[in-house]
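K.L.:
Would you mind keeping the following structure in view while I ask a few things?
The values are calculated or read from the model by the stated rules, or taken from the named source; none is laboratory data. Worth saying up front: this structure is predicted, and the values here are computed from it rather than measured. No Cβ is skipped: glycine too gets one built from the backbone with ideal geometry, and neighbour counts run over all protein chains shown. Surface areas here come from the heavy atoms of the whole protein model, side chains and all, with no ligands, DNA or RNA. Shrake-Rupley method; radii C 1.70, N 1.55, O 1.52, S 1.80 Å.
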Amino acid sequence: MLGTMLYGPKDVRCEEVPEPKILHPTDAVIRLSASCICGSDLWPFRGLNDVTSPMAMGHEYCGVVEEVGSAVTTVKPGQFVVGSFCISDNTCPHCRRGFQSSCQQREFMTGAQAPRARVPLADGSLVATPQLPPDDLIPSLLATSDVLGTGWYAANAARVEAGSTVAVVGDGAVGLMGVLAAKQMGAARIIAMSRHKTRQDLALEFGATDIVSERGDSGIERIKALTDGIGADSVLECVGTQEAMTQAIRGARPGAMIGYVGVPHGVQLDGQSLFFSQTGMLGGPAPVRRFLPHLIDLVLERKIEPGKVFDLTLPLADVAEGYRAMDERRAIKTLLRV
Ligand SMILES: [Zn+2]
């Protein structure tokens, strides 16, 4: 079959790869309904993470189970499933406390930019839908696997609640999903920081009430001006750069929580600034598995449409163009037909 391999900076290829097989009794093999490219795939694509040997790309997935290992009991062939990019057993102490992304048996999903994929720890990682979903819901169901689950976690970690004032730093797909999540959690005010018209429009559609296009000191001043000089109750940091993290901390009011889900690259925090900011921080890889059942229900009930975040659809064979379009910010997120 065809699959996506990253060889080095800017060198991603769709090429012949081995068919996935059941390797352990706890595995499942699924046929993907669609796949996609993640903003985090751009870190190695840009050469910011070392790639020492060709990497099988793709960690967002949904599709139909084809085969399960002998120990799998909760999903069976023919069922439609969605899983998280973090593979988890869903039974260890961290999983039971809702932090499946720190599972004692954690693995990171790979090889999902392909027509079929092996999912380890299938019982813990996969959530089945009651029936096969209609085709038009596939993009939104695929979005729950990572990008929505991550935006949702950012809002949850930032303790967004009814009536909150929320600032979202980052207008990538995760930031936009953070806006959607904050809206669902009842935020009264959602300030989206974005300089790009198409992303601003999508943020407004997902529930943003204000757009701040400034960055740095003037961006922080704008947040303060919009919040009577106080700062936001909750800040979602969805980038992972020093500038974004600084903006998140300085845009938060004392007592605020910051949910940070951008993978930090070169971020340094000063202890005293953090001390006097009196803000709380919770972040890390999102425990998407905790939220999946709820997010899948919201999609199936057509209460949310996170699939709108895909603004480019390409066949798998053109995956390299999908990476380039996202790298050059011509596309927010690329859906791959497999
Ligand atoms: Zn676990």
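K.L.:
So the check is Cβ under 8 Å with 6+ separation or different chains; which pairs have a first residue in region 67-95 that's on the phi < 0 side of the Ramachandran plot and a second one that's among the basic types (Lys, Arg) and away from the ligand (no atom under 16 Å from the Cβ)?
P.N.:
As it stands, the answer is Val68/Lys76, since those pairs meet every condition given.
K.L.:
A further question on this structure: Modelled with pLDDT of 95 or more, under 20 Å from Ile296 (Cα atoms) and among the hydrophobic types (A, V, I, L, M, F, W, C) - does that describe any residue in region 100-107?
P.N.:
no
K.L.:
Still on this structure: Being open to solvent by 10 Å² or more (accessible area, probe 1.4 Å), touching a Gly at 6+ places or on another chain (Cβ under 7 Å) and touching a residue at least 60 places away in the same chain (Cβ under 8 Å) is the requirement here; does Val64 meet it?
P.N.:
yes
K.L.:
I'd like to check something: does region 292-315 contain any residue that is in contact with a Gly (Cβ under 7 Å, 6 or more places away or on another chain) and farther than 19 Å from Phe45 by Cα?
P.N.:
yes
K.L.:
Just one of (1) open to solvent by less than 30 Å² (accessible area, probe 1.4 Å); (2) modelled with pLDDT of 95 or more trips up Thr26, so point out which.
P.N.:
In the conditions (1) open to solvent by less than 30 Å² (accessible area, probe 1.4 Å); (2) modelled with pLDDT of 95 or more, Thr26 misses (1) alone.
K.L.:
Also: Among Ala117, Ala128, Ala143, Ala112, which is more than 27 Å from Arg302 (Cα to Cα) and small (Gly, Ala, Ser)? Spell out the reasoning first.
P.N.:
Working: Ala128 fails: more than 27 Å from Arg302 (Cα to Cα); Ala143 fails: more than 27 Å from Arg302 (Cα to Cα); Ala112 fails: more than 27 Å from Arg302 (Cα to Cα).
Going through Ala117, Ala128, Ala143, Ala112 in turn, the sole match is Ala117.
K.L.:
Also, quick follow-up: Taking into account only those residues within region 95-108 that are open to solvent by 10 Å² or more (accessible area, probe 1.4 Å) and within 25 Å of Leu6 (Cα to Cα), which is nearest to the ligand (Cβ to nearest atom)?
P.N.:
Among those residues, the one meeting the criterion is Arg106.
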